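The values are calculated or read from the model by the stated rules, or taken from the named source; none is laboratory data. Predicted model only: the values in this text are computed from it and were never measured. Positions of Cβ are generated from backbone atoms using ideal geometry, with glycine treated the same way; all protein chains shown enter the neighbour counts.
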Amino acid sequence: MCLIAINNTSPCYLLVVGTKTKLMFILLELLDDPGEVGDEAAFALSSLISEKEDLQKLAFEANVVDKLCNHLQKGSLQAKRIQGILLALADLCSQLESCRSRFLSLQVLNLVTDALTHDSAVVRAAACICLKSVSRSVKNLSAGNFMNEVIVIPMVQLLHDSSTSVQVAALGALSNIVVDFTTHKSVFIQHGGVKQLVELSKSMDSAIRVNAVWALRNLLFLTDNRCKEGIFLELTATDTNKPN
């Protein structure tokens, strides 16, 4: 973490590509540690590559996506370990389509959707953040790969979550997912997604309110008339039910 802090504050100290790559491999090896060191390794990796496209490219070339997914597939992981791996994957997939494509090709999306119903709120939030990054893939949005019941149902349920951070993370992911270029948006509407977005757009929490409005806005993108009617019916019904 000391080297990462130096890199984040003074990048010139770690200009050598080999040093950065070695640091990534060390952190990946530390993930095998069964204790606290292993728990912190993924968070350290996430901090190292966050918002740094050059390091994300290095990580992709070093097969870091594959290695993180392999760890995620091991099962029986503690909540903190899962959270760290999901956040590291989210950072890796945040900017590069190559990372997103590789992640989706490894058939681990089901593990992320399973994490949406995890007992730990931090894991649920991390799963949403990971989905937000992965769903930036225009290619897969165009194919309708995210607007299905396996993903939509737990995501709508998270809009009712008792944790504000989970709700905000879920709204962030949904803002991407509901863009969906296909005609599958009715799945989201049928499961009460619009009704809950309308409710959250009136939340006292500004982060929830803003993200709910963004999700509603994106839901209307390239929506057919039938879906638009369903959305406006929900909006009208909510206004009609207001007390005088």
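In region 199-218, which residues are farther than 17 Å from Val179 by Cα, among the hydrophobic types (A, V, I, L, M, F, W, C) and crowded, with 17+ Cβ neighbours inside 10 Å?
Leu200, Ile208
At pLDDT below 95 and of a type in the set (Ser, Thr, Tyr): does that describe Ser133?
In short, no.
Val166 versus (1) among the β-branched types (Val, Ile, Thr); (2) crowded, with 20+ Cβ neighbours inside 10 Å; (3) at pLDDT below 90: which is the lone unmet condition?
Just one mismatch for Val166, condition (3).
Only one of these conditions is not met by Thr117: (1) in a helix (DSSP H, G or I); (2) more than 28 Å from Leu220 (Cβ to Cβ); (3) of a type in the set (Ser, Thr, Tyr). Which number is it?
Only one criterion in (1) in a helix (DSSP H, G or I); (2) more than 28 Å from Leu220 (Cβ to Cβ); (3) of a type in the set (Ser, Thr, Tyr) is unmet by Thr117, namely (1).
Exactly one condition in (1) among the small types (Gly, Ala, Ser); (2) part of a helix (DSSP H, G or I); (3) without any contact (Cβ under 8 Å) to a residue 40 or more places away in the chain is false for Gly75; which is it?
Condition (2) is where Gly75 drops out.
More than 18 Å from Thr113 (Cα to Cα), touching a helix residue (DSSP H, G or I) at 6+ places or on another chain (Cβ under 7 Å) and of a type in the set (D, E, K, R): is that true of Asp180 in this structure?
no
For the condition assigned by TED's automatic domain parsing to the domain that holds Thr21 and either in contact with a His (Cβ under 6 Å, 6 or more places away or on another chain) or closer than 24 Å to Gly172 by Cα (or both), what is the one hit in Lys80, Lys74, Lys57, Lys139?
Lys80
How many residues does region 20-32 hold that are at pLDDT 90 or above and either under 17 Å from Ile129 (Cα atoms) or of a type in the set (D, E, K, R) (or both)?
Residues flagged as at pLDDT 90 or above and either under 17 Å from Ile129 (Cα atoms) or of a type in the set (D, E, K, R) (or both) within region 20-32 amount to 1.
Can you tell me which residues in region 34-52 are surrounded by 12 or more Cβ atoms within 10 Å (Cβ to Cβ), under 21 Å from Val122 (Cα atoms) and of a type outside the set (Val, Ile, Thr)?
Those that are surrounded by 12 or more Cβ atoms within 10 Å (Cβ to Cβ), under 21 Å from Val122 (Cα atoms) and of a type outside the set (Val, Ile, Thr): Gly38, Asp39, Glu40, Ala41, Ala42, Phe43, Ala44, Leu45, Ser46, Ser47, Leu48, Ser50.
Residue by residue, here is whether (1) under 13 Å from the mean Cα position of the chain (by Cα); (2) surrounded by 18 or more Cβ atoms within 10 Å (Cβ to Cβ); (3) at pLDDT below 95 holds:
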| position | (1), (2), (3) |
| --- | --- |
| His71 | no, yes, yes |
| Ser76 | no, no, yes |
| Ala79 | no, no, no |
| Ile85 | yes, yes, no |
| Ala90 | yes, yes, no |
| Cys93 | yes, yes, no |
| Leu106 | no, no, yes |
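Every residue in region 99-149 that is touching a Lys or Arg at 6+ places or on another chain (Cβ under 6 Å) and free of Cβ contacts under 8 Å to residues at least 24 places away in the same chain, please.
Answer for region 99-149, where residues must be touching a Lys or Arg at 6+ places or on another chain (Cβ under 6 Å) and free of Cβ contacts under 8 Å to residues at least 24 places away in the same chain: there is none.
Filter region 120-157 down to the residues that are in a loop (DSSP other than H, G, I, E, B) and of a type in the set (S, T, N, Q), then identify the one that is nearest to the chain's Cα centre (by Cα).
Here the answer is Ser135.
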